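Working notes, beginning with the structure itself.
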Amino acid sequence: MPNHSGISVKNKAQMKKIMLFVAVSIVTTVSAQYTPDPECRPSFRNLSNEQPFEDPEPLSHYKTDEIGIHSFQRPSFENDVIRLLDSVYVWHWDTTLNRWQKYERIMELTYDENNRFISEIWQEFTGSEWINTMRLSYSYDVNGNIVSQLYESWNGNWINNQRSLNSYDNRNNRTSRSIQTWNGNYWTNAFNWIYAYDDNDNLLTELIQTVSDTSWNDIILHTYNYNAYNYNISKLEQKWISGNWENEVLDTFSYESDTILIRQLQQQWLGTNWINSMRYTYSYNENSDWTSRLKETWQNDWTNSQWITRTFDAHNNRIGELIQVWEGTWENDYRNLLAYDNNDNRIEYIIQFWDGETWAYYYKDNRTYDPNHFMITLTATEWAENGIDTVLHDSTHYYFHTLLEIPDHQIPRSDITIYPNPCSGSFNILCDRPVNSIEVYSLSGQKVKRLELYSTGGSIHIEVPHLDPGIYLVKLFSGHALIGVKKVVLTGR
């Protein structure tokens, strides 16, 4: 019988943090600043760890490694409403008192003039009062990239704990990241990453260093290669041993039509040659979503290990994921079930493990949304190993203030497209109706540009080199009639 302990996130406190952070990632998509993000490179395809809390997708290599709200910030440009998060409150269900009890909150979220997070405070409830636990602060360069993140702990006063420092090239690729810890008097180095890229902004090398005495020592080197379509075809991991780089692990990726990942092969270095270790094989549906993944391990021959099958609804939302393990035959291990509302907002997520006879609960959350599709509550339940007794109930509420709202009925619909978006210094507007004037506004409501013109329809080029990075509203008029409003994101040069 399969052992459901294969689910990788077992620490309950860690799970609570993970789910809160993931939830915050969703609600903070309303933040009004687009940050060029070197951590989301669609050109790089790799595999994430097998965790039920992450899609086992071919993902970009970089994953968010900052902590706090900002690390989950992913702006949305689809809604005609921009809101900023004010606070997050978490309650736990007290089984003794049979009621919800205050547990944790995120308060005092502050933003800069471009509506980027600059600080947030985490607090826990003692039963009688809120006490500070940590404060996170951020700073940015002119292009909106995070250059520093400071983590402070509370001991009657805010005390330095850890900070990360980043640098970027002129294409907004992160070129270095260092982690430092506070020893009570000054900052000391802990870890360092150095990145190099090709002309297509693909990551070529990632050097990881640790500190010894006062100097950086190399420990791990990752080297990447790509095909003509900028898809990763290999990743080599080496370790620095006795003054030389020694091979450790080699991953190679095979594609169908150069862009659809169908196989990943992992090999281990045995001193003189590579030997097979494991491989993954994918199949896809007509929407290019992978629907099955076979994992095999090498034991003088390829042997089945794990089989994942996925199902999707008519809107291409993933609604089911079954994970099975090989024990002579395929045996159930665990499964993920998802449900959505009519607006494709995810409203339920369930993780169940197979106890040998039936599906037993491990985790469940439910979400609610406001009319503009912002998540406002998340209620989660976790079960004990027996799948019967509950060990934790969380209820999380998100509070916003509206920065900008443009009701749909106030804007006549029109085929209007802005491209490129995000952009740097200039953009084009494609409109199928006559346009007589264009106005550009900052999110504070200040008119920063007005252009008089006569266009019967087609493409209009707009130059805005003087504007700071941020989100702006572009209003189009035909005569005195407002025919459309679009958001444009300026990232800087």
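Length available on full extension from Glu357 to Ala384: 0.36 nm per residue minus the Cα-Cα distance, which gives 8.0 nm. Fully extending the segment from Val249 to Leu467, taken as 0.36 nm per residue of separation minus the present Cα-Cα distance, adds 73.8 nm. A crude spin-label estimate for the pair Thr377 and Leu270, with each label 7 Å from Cα along the Cβ direction, gives 5.9 nm. In loop segments of segment 302-356 as defined by DSSP, the GluC sites (Glu not before Pro) with at most 16 further C-beta atoms inside 10 Å of their C-beta are Glu327. Using the Cβ-Cβ distance between Asn227 and Asn343 with R0 = 45 Å, the FRET efficiency computed as 1/(1 + (r/R0)^6) comes to roughly 0.75. Applying the Karplus relation 6.51 cos²θ - 1.76 cosθ + 1.60 with θ = phi - 60° to segment 189-198 yields 3J(HN,Hα) values of 5, 10, 9, 9, 10, 10, 10, 10, 10, 8 Hz, where x marks Gly and Pro.
Computed 3J(HN,Hα) for segment 84-94, one whole-Hz value per residue from the Karplus formula 6.51 cos²θ - 1.76 cosθ + 1.60 where θ = phi - 60°, is 10, 6, 9, 6, 10, 10, 10, 10, 10, 7, 8, glycine and proline marked x.
Label separation (Phe312 vs Asn200): 2.4 nm, computed from points 7 Å beyond Cα along the C-beta direction. Taking Cβ atoms as reference points and 9 Å as the exclusive limit, the residues near Asn421 contribute a net charge of +2, counting Lys and Arg as +1 and Asp and Glu as -1. Measuring nothing but alpha carbons in segment 409-490 and taking Rh as the Kirkwood radius, the Rg to Rh ratio lands at 0.93.
The Gln299 and Phe191 beta-carbon pair, evaluated with R₀ = 35 Å, returns a calculated FRET efficiency of approximately 0.50.
FRET efficiency for the pair Trp130 and Thr110, taken as 1/(1 + (r/R0)^6) with r the Cβ-Cβ distance and R0 = 25 Å, rounds to 0.90. Local charge for Lys475 was computed over the other residues whose Cβ lies under 12 Å away, with Lys and Arg +1 and Asp and Glu -1, and equals +4.
Each reported figure results from applying straightforward, stated rules to the coordinates on display, with no laboratory input. This structure is a prediction, so every number in the text was calculated from the model and none was measured. FYI the Cβ positions are ideal-geometry reconstructions off the backbone, even for glycines, and counts take in every protein chain you see.
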